[in-house]
Amino acid sequence: MESASQFLESYASFYRTFRRTNEEFFSNLQLPTRSDIARVAELVIAVEDKVEQIEDTIEDFEDNYTKAVPGNLDERLVHVEKKLDALSASLQELTTADDLEKRLDRVESKLDKLLVALEKIEAKEPQRNPKPATLTSRRTQEAKRESSKNQTLPAETESVSRRTK
């Protein structure tokens, strides 16, 4: 038995030396050894496990996402498009109102110029004919009353308040 024990010890020693020498030889030739291949196999298995975990996570996310999203996306898109159309129409109405306000301001300025011109004419006419001046002054007073009535309209009050801002 002792001889078998010594034989096994010498064999194990020889095997270790041979394996070390073999690994050095293969590494010098840049060829993979058994231990290199074993390490690569362990890394591949670890990567496969991680890929499976990622796939499971993605599947869970997809399942939860479809449950979390309420309704059909097409219906939601149509609803958003309707809101955009309504906003566009409102914006168009606002621009139309602004245009009308500008036109009204121009008309008011022209009326103011006419009123000033009438007052100048009225101021010159009393010097020429005192009697017809009373008719003209009556007309001017009536025109002033009409313009003051027109100026108190709500639409015009708004335009005046907008101009002062």
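One residue is enough: does region 32-50 have a residue meeting the conditions part of a loop (DSSP other than H, G, I, E, B) and at pLDDT 85 or above? Scanning region 32-50, I find at least one residue that is part of a loop (DSSP other than H, G, I, E, B) and at pLDDT 85 or above, so the answer is yes. A search for C-beta distances below 8 Å between a residue of region 1-26 that is without any contact (Cβ under 8 Å) to a residue 40 or more places away in the chain and any residue that is of a type in the set (Val, Ile, Thr), counting only pairs 6+ apart in sequence or on different chains, returns 22/33; 23/33; 26/33.
The values are calculated or read from the model by the stated rules, or taken from the named source; none is laboratory data. If you're wondering where the values come from, they're calculated on a predicted model, not measured in any experiment. Because the Cβ atoms are built from the backbone with ideal geometry, glycine has one as well, and the counts that use them run over all protein chains shown.
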